[in-house]
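Report on the structure given below.
Values quoted throughout were computed directly from the atomic coordinates according to the rules given, and no laboratory measurement underlies them. Everything numeric in this text was worked out from a predicted model, so none of it was measured. Neighbour counts are summed over all protein chains in view; Cβ atoms, including those assigned to glycine, are modelled from backbone coordinates with ideal geometry.
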Amino acid sequence: MRAVMVTPGVKDSLRLVDDAPEPSESEGAVLVEALAVGICGTDREIISAEFGESPPGSDHLVLGHESLGRVLEDPTGTLRPGDLVAGIVRQPDPVPCPNCAVGEWDMCRNGKYTEHGIKAAHGFARERWRMPPDRLVRLDPALREVGVLLEPTSVVAKAWEHIERIGRRALWEPRTVLVTGTGPIGLLAALFAKQRDLDLHVLARGTSGLKPALVAQLGARYHTGSAMDLDFEPDVVVECTGVDSVVLDVMRKAGPDGVVCLLGVGTGEPRDGVDTSVFARDIVLRNNAVFGSVNANRRHWTQGAEALGRADAGWLSSLITSRFRAKDYAQAYGAPGGEIKVVLEF
Ligand code: BGC
């Protein structure tokens, strides 16, 4: 069968093979036919050999951590043939650490977790894959076209759950939200803000085109320029760019008792002359909380599936800006900037 893979640590080793072995039963009882995988920055980091690890005993890694598939067979009877499913990315560490032991593998303490398509476990960019039934999340059949967005949505669902939990350390009546960045994570974070009926502002670079239009369709205000120039102080910031100037600005801009969630992993030129004590002062004197968030556990995947189900289907499908057939994998993974979500279809 066909599979998209890399040799981790070897730059540009991305390839599509025709003779990948069928998934082993040791990977799980449920056999799933791949429909699509989404492509994100993590895939590009793996392709450029900055990240990624083969499963033990293997010299390659099948890519793909954002999945959508259809169940072919489930001998356990948990799922039915034809069910639309996505595979949970992270597997708890085998030790396990206290968090993995209670199903909070997204908060793994010892780093021994594995991640499909990323770290020591093959991914979903292959025609068929297997998972244990409890590692699959069922999607409403109506989400056939956009269900591949569930993985990034699960990451956003976790971020929002933690924002709300942190916010409730004291009286918590948030009104304004600032989302920075209009990639898939930024737009999905904006969707969650809207679903919570918050006054939504999105700040990004582009001045025209699809991204500002999608923000407008959510009923949000779109801003460009520096967060420092905004004429309000957000109660919640979801930072999805990872760009250092944006990160620093939003940390200073959050209002009293504000919660700043960092979701972006980016690069930036280190800034000379940043006075850390000024940041500490702003954060301390306003009781601000700044935290990072990665990955998602089963609860968040379920929350993500519900959020997708409640969203406008047309808006969601506009997030998928390109769909490529598996044979055109090189184009898909090399798609130029400006795309929102690129999907590879099987
Ligand atoms: C995935 C996360 C994963 C992280 C680090 C992201 O692209 O969405 O699930 O934990 O990469 O590997």
Going Cα to Cα from K112, which aspartates and glutamates come in below 17 Å? Please leave out same-chain ones fewer than 8 positions away. E53, D93, E104
The rounded separation in angstrom of the Cα centers of the stretch 28-63 and the stretch 213-274 is 31
Cβ-based net charge around D257, under 12 Å, with every Lys or Arg adding one and every Asp or Glu removing one: +1
Under-5 Å amide H pairs with V179, H placed in peptide plane, nonlocal only: H201, V202, L203, V238
In this model, which of K11/K158; K11/K211; K119/K211; K194/K341; K119/K341; K158/K327 are farther than 29 Å apart at the alpha-carbon? K11/K158; K11/K211; K119/K211; K158/K327
Evaluate Rg over Rh across the chain, taking Cα atoms for both radii and Kirkwood's formula for Rh. 0.97
If each K or R counts +1 and each D or E counts -1, the residues other than A330 whose Cβ falls under 14 Å of its Cβ total +2
Compute log10 of I(q)/I(0) for the stretch 115-231 with the Debye formula, placing one identical point scatterer on every Cα and leaving out solvent, at q = 0.11, 0.14, 0.21 Å⁻¹, to two decimals. -0.50, -0.76, -1.21
Whole-percent pair-distance distribution, where bins are 10 Å wide, for the alpha carbons of the stretch 154-292: 12, 46, 34, 7, 0
How would you classify the stretch 208-250 from its alpha-carbon gyration tensor, with a ≥ b ≥ c the square roots of the eigenvalues: rounded for a/c under 1.5, else prolate if a/b is greater than b/c, otherwise oblate? prolate
Within the chain, longest stretch free of exposed trypsin sites (Lys or Arg not before Pro) [DSSP loop, at most 16 other beta carbons within 10 Å]: 12-108
Pairwise centroid distance, computed over Cα atoms, of the stretch 163-196 with the stretch 72-144, Å: 26
On Cα atoms only, tilt of 298-310 relative to the major axis of the chain in degrees: 80
To the nearest 10 degrees, the tilt of helix 184-195 (Cα long axis) against the first principal axis of the alpha carbons of the chain is 60
How much length, in nm to one decimal, is gained on full extension between R221 and R286, taken as 0.36 nm per residue of separation minus their Cα-Cα distance? 20.9 nm
Degrees separating the helix 276-285 axis from the principal Cα axis of the chain, which is the longest one: 80
